[in-house]
Amino acid sequence: MSYARRTLFLATLACVLYAALALPPCARDDEDCRESRMHPDLPDLPQGRILPRKIDGDDTNDYWRNQGKEFIQTKMAQKLNTQKAKNVILFLGDGMGLTTHSAARNLIGGEEQYLSFEKFSYTGLSKTYAVDIIVPDSANTATAYLCGVKAMEGTIGVSAQVERDDCAAILNTTNHVYSIAKWAMDAGKSAGVVTTTRITHASPAGVYAHTADRDWEDDTEVDTWCGANSGVPDIAYQLINGEVGSKLSFMMGGGKRHFIDSKLYANGTRSDGLDLIDQYKKLSDRNAFVESRTELNNLNFSNVDRVLGIFSDSHLQYHLETDENSRQPTLEEMTRKAIEFLSRNEEGYFIFIEGGRIDTAHHDNMARLALDEVVELSKAVNAARELTSEEDTLIVATADHSHAFSYSGYPYRGNDIFGRTPATPLDKKPLMTLSYANGPSFEKFYDVTNKERRDPTTLVTGDVHDQFPATAPFDSETHGGDDVAVFASGPWAHLFTGVYEQNTIPHMMAYASCLSDGLTVCSTA
Ligand SMILES: *[C@@H]1O[C@H](CO)[C@@H](O)[C@H](O)[C@H]1NC(C)=O
Ligand SMILES: *[C@@H]1O[C@H](CO)[C@@H](O)[C@H](O)[C@H]1NC(C)=O
Ligand SMILES: *[C@@H]1O[C@H](CO)[C@@H](O)[C@H](O)[C@H]1NC(C)=O
Ligand SMILES: [Zn+2]
């Protein structure tokens, strides 16, 4: 058979098989039929009910009873750690909702596996809404989990008195709020920020910036909104010259374009004639700047006081788009370097480390990239826990918000998470296990002319940039409003249990580390 004929034959066969798997629709008034569909008796897939990764013994009572006993024993052996946290590391998976990290377990061996942070002893849920909107963005959430107060959507490092794009209110410093990085530095500790996005992007900006709009990453953007000579400093400027940014000792990410004037650097987007990277270098000959993984690896830390690493014009590439010879370091490599560098301070450190591209991948409905970035974050957290002591280093891993990301359809154990499900919709075309409530993939998966879904299995090809189906068209998939998990390990990790407002997180980290956060309590008070 020719390739074309074979493809046609297989497609026809698949349609016949899917049609056979699909059940006839229930009659509208047949309650019993509809109830039976709530939890259907699942048909075998064309390849059967295969369980290639089934754990030996997990079909016995002993396996699950022992598993239960072991968990209790682990809990009983656990001692509350009420030491003062010398170091605090905050990991953030941007957009890493519960469905996202649950689904990512499939990539590290199966549903029975745990991501590194899922093994932490204490877990809680963080309520992520903003002062003005229910489903939040990464700007107001950064203000919450770094500065300790909830704020308006799109704003960073300011109180809720500042609305998005309010150029007058941002100039009133009474409205500014500071992050735990400043609280730590005020106590003589070092602080740093590491991300896989532009370092001027919303989450990392929460460490050091005050802005009425997350998009004000350079002066050109500020001028568009506030007019020329408004005196409103942009985010890149604040990293190099701001009260907090200018004191950070370890900074890594992308976003070179926002630091340099377009006349000085072809991809630069500034228009004020500045080269902020050059400014930073000229401040001190102990200010190191690196632009590649090789330069980072060759850097001798004993000769420098501060490190700035900018590895791309915009965001760093997705991990799946890179290879061994990549110019950019991995999140784990940056994490190792950050801890090595900041550990030199006897007083300790605070560092914020973000896996920032989980979010951008979801916005494009690219679930393969999103879940792989979760695995990369897991590796970085694992390295941090290995390099530090649970006795004196509190590690918290969480997300800023969720996504409109669905994990459904009763797939069998051992199934590829990126595959189809045995539950077949009424249109007799397959359902993918992973899908989105909205996003740019809608038109690819929905035939608008014929008003029908296309077979998604013919459109998910195995490419790293595969999109997954969205049920409403959007240029960019939206965030989700469900709570996100908080995982904690180390001193006072037990504070992080329960369901609480997201802005509580930095206060708990401050309590554990005995930092002044404007509240009076402290672990040694
Ligand atoms: C600055 O902000 C504070 C707090 O929102 C407010 O009370 C004060 O009136 C503002 N000052 C000016 C000059 O607008
Ligand atoms: C500018 O951006 C283009 C497109 O992303 C890229 O190919 C080029 O290498 C960049 N130029 C410099 C000097 O980095
Ligand atoms: C780093 O620099 C210090 C001080 O100049 C020097 O003693 C040390 O040998 C250097 N380390 C490496 C690996 O080059
Ligand atoms: Zn987002």
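Values as computed for the structure displayed
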item	result
Cα-based reach from Lys189 at 15 Å (exclusive), listing aspartates and glutamates while leaving out same-chain residues under 8 positions away	Asp305, Glu340, Glu346, Glu347, Asp392, Asp517
Label-point separation in nm, Glu291 to Cys514, each point 7 Å along Cα→Cβ	4.5 nm
Distance (nanometres) between label positions extended 7 Å along Cα→Cβ at Glu243 and Arg65	6.3 nm
Using θ = phi - 60° and Karplus 6.51 cos²θ - 1.76 cosθ + 1.60, couplings along segment 153-162 (whole Hz; Gly, Pro as x)	3, x, 9, 9, x, 9, 6, 6, 6, 9
Per residue accessible area in Å² of segment 405-477, where ligands, DNA and RNA are left out and the probe is 1.4 Å	47 Å²
Heavy-atom accessible area order for Ser314, Ser343, largest first, 1.4 Å probe	Ser343, Ser314
HN-Hα J in Hz across segment 356-368 - Karplus 6.51, -1.76, 1.60, θ = phi - 60°, x for Gly and Pro	x, 9, 4, 4, 5, 5, 4, 4, 9, 6, 9, 5, 4
In order through segment 234-244: 3J(HN,Hα) via Karplus (6.51 cos²θ - 1.76 cosθ + 1.60), integer Hz, x for Gly, Pro	7, 5, 4, 4, 5, 5, 7, 10, x, 4, 8
Residues whose placed amide H lies under 5 Å from that of Arg198, excluding near-sequence neighbours	Gly254, His315, Leu316
Relative contact order of the chain, defined on C-alpha pairs under 8 angstrom at six or more residues apart (%)	25 percent
Cα shape, segment 53-119, gyration tensor, a/c 1.5 rule	oblate
Stokes-Einstein D (µm²/s) once Rh is taken as the Kirkwood radius of segment 355-394 over alpha-carbon pairs, at 37 °C in 0.692 mPa s	294 µm²/s
Among Tyr178, Ala236, Thr504 - extreme Cα towards positive end, dipole of the chain, charges at beta-carbon	Thr504
Amide H contacts of Ser190 (H built 1.01 Å from N, under 5 Å, at least 5 apart or other chain)	Gly348, Tyr349, Phe350
Stretchable slack from Ala27 to His39, in nm (0.36 nm times residue separation minus alpha-carbon distance)	2.6 nm
Average silhouette area of segment 351-450, convex hull of alpha-carbon atoms, in square nanometres	8.5 nm²
Restraint check, Lys119/Lys444; Lys256/Lys444; Lys79/Lys127; Lys182/Lys281; Lys84/Lys127, Cα-Cα greater than 32 Å	Lys119/Lys444; Lys256/Lys444
Projected-area mean, segment 140-288, by convex hull of Cα positions, square nanometres	8.4 nm²
Mean separation of Cα contacts under 8 Å, 6 or more apart, over the residue count of segment 405-477: relative contact order %	32 percent
Listed peptides 246-256, 71-81, 356-366 by packing density, highest first (mean Cβ within 10 Å)	356-366, 246-256, 71-81
Per-selection Rg to Rh, segment 405-477 - Cα, Kirkwood hydrodynamic radius	0.94
Relative pair counts by distance (%), Cα atoms of segment 398-525, 10 Å bins	11, 29, 22, 16, 14, 7, 1
Beta bridges by DSSP in segment 405-477, antiparallel share as percent, to the nearest 5	75 percent
Contour excess over end-to-end distance, with Cα ends at Arg454 and Thr174 and 0.36 nm allotted per residue	95.3 nm
Lys127 long-range amide H proximity, modeled H, under 5 Å	Tyr500, Glu501, Gln502
Largest-first ellipsoid semi-axes for the chain, taking √(5λ) over the Cα gyration tensor eigenvalues, angstrom	42, 28, 22
Total charge dipole magnitude, the chain, about the Cα centre, Cβ charges on Lys, Arg, Asp, Glu only, Debye to nearest 20	1020 debye
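The values are calculated or read from the model by the stated rules, or taken from the named source; none is laboratory data. Quantities reported herein were computed from a predicted structural model and do not represent experimental measurements. Neighbour counts are summed over all protein chains in view; Cβ atoms, including those assigned to glycine, are modelled from backbone coordinates with ideal geometry. Please note that ligands, DNA and RNA were not included when accessible areas were found on the heavy atoms of the full protein model with its side chains. Shrake-Rupley method; radii C 1.70, N 1.55, O 1.52, S 1.80 Å.
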